[in-house]
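Colleague: Could you have a look at this structure, given as structure tokens, before my questions?
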Amino acid sequence: MDKSFGNSFVRLRSVTTIVGFRLSFSGSGETVDYLVYSEVKLALVPMDDVLSTDSQSENQPVFCKLRHPKSDQSAMFLFTHGNREVYEVTSFKEDCRSWFIDNTVQQDGAILMTLPVDPLFLVLPYLQSVEQTGKYMTLDQIVCDEDYPECNRLTSTKGMSELHNIADVKGSDDLEAFRYNEEKTLTWLQCKTEKLADALSDREFCVSGAQSSSYVRSKRAMTSTRDDYVRYAYGMVSDYLPVDLAGKLREHMKMPVVAEKKENEPPTKKAKVGDITPTEDYSQSGANDKSEKVAKLTASQKKLSKVDKTGMKSLASFFSPKAKS
């Protein structure tokens, strides 16, 4: 089934190796193939990394739960064939959504999206947990978790060749032992953060907040500084670090804690401190009002005030009751 969406061309066709569909996005001269994997739920995973010519089940992609390095809670991950790569699985779901697959309807309209993850981030908490022993241990001894037995797949990923960036290494190529090194780890994390900041800057990524690509970029986004990109990159890296290690990385990079301010927020008014006595005297306001009323007379009243009133009675005296004798 072929359909065109804007500048992208989407093609769905069956894949015989794994139950699901192949989804191809082509645009700007590039084509990226994804597999819509439907054994459990619909998930977009890279075709080149997932598909294997080996029919053995142990070499097929596997969804499994691992301990998340930041939250220490259960999270879903995907290992490609042969455990070469590991991807984090995130769910995107909206209400009242379903999938139409051939002649069937998948009631759950959620879609799982996969993002590549450096396996060293997942190994870091295990290295830190055995640091207090002060001993060199093999990777199988370090990455061991009764609650998440699938974590031993991490030892087979390609990223383990970079383990010397976060640990001291002893032994030969056949048998290596490792011990956590905090100084190496912080240097490695700082390098990752700076490289990520460079990539965000080169792509002119908006680091001032969520923004749709269909809107004109704000002036603040166009004037983002190097520090803005580094801070944003630090936040992304910290999403895969234990809280204590993220704090140490901030100190290592000498990043000040900056309180985020909302865009277009009016400046707060400062209260004046000192003499707060009133600058005007309101005690005589009533007398002033009366004098103003007296001063305002009509022309006839002004003429009457000039007449000699001696011996004259007021008009009201004629209507008053007579005094009793």
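The values are calculated or read from the model by the stated rules, or taken from the named source; none is laboratory data. Worth saying up front: this structure is predicted, and the values here are computed from it rather than measured. No Cβ is skipped: glycine too gets one built from the backbone with ideal geometry, and neighbour counts run over all protein chains shown. SASA here: full protein model, heavy atoms, side chains in, ligands and nucleic acids out. Shrake-Rupley method; radii C 1.70, N 1.55, O 1.52, S 1.80 Å.
Colleague: Taking the Cα-to-Cβ direction at GLU182 and at ARG250 and moving 7 Å from each Cα, how far apart do the two end points lie in nm?
Modeller: So the two model labels end up 1.7 nm from each other.
Colleague: Dipole magnitude of segment 71-174 about its Cα centre, charges +1 at Lys/Arg Cβ and -1 at Asp/Glu Cβ only, in debye to the nearest 20? Before the final figure, lay out each step's value.
Modeller: On the way: 7 positive and 18 negative charges, 33 e Å.
Rounded to the nearest 20 debye, it is 160 debye.
Colleague: Holding the Cα-Cα limit at 28 Å, pick out from LYS135/LYS248; LYS70/LYS184; LYS93/LYS192; LYS70/LYS192; LYS93/LYS248; LYS158/LYS195 the pairs that are longer than that.
Modeller: Over 28 Å Cα-Cα: LYS93/LYS192; LYS93/LYS248.
Colleague: Hey, another quick one. Across segment 94-108, in residue order, what do the Karplus-derived ³J(HN,Hα) couplings come to in whole Hz, using 6.51 cos²θ - 1.76 cosθ + 1.60 with θ = phi - 60° and x for Gly and Pro?
Modeller: Using θ = phi - 60°, the values come out as 10, 5, 6, 10, 9, 10, 9, 10, 6, 9, 10, 10, 8, 4, 6 Hz.
Colleague: In nanometres, what is the gap between the two model label sites at TYR148 and LYS309, each 7 Å from Cα along Cα-to-Cβ?
Modeller: It works out to 10.1 nm between the two label points.
Colleague: Under 8 Å for C-alpha pairs, at least 6 residues apart: give me the relative contact order for segment 80-231, rounded to a whole percent.
Modeller: 18 percent
Colleague: Using 1/(1 + (r/R0)^6) with R0 = 51 angstrom and r between the beta carbons of THR133 and ALA110, what's the FRET efficiency to the nearest 0.05? Kindly include the intermediate steps, with their values, before the conclusion.
Modeller: Working: r = 42 Å, r/R0 = 0.83.
Efficiency for this residue pair is about 0.75.
Colleague: So for TRP99, TRP188, what's the accessible-area order with a 1.4 Å probe, most first?
Modeller: In descending accessible area the options line up as TRP99, TRP188.
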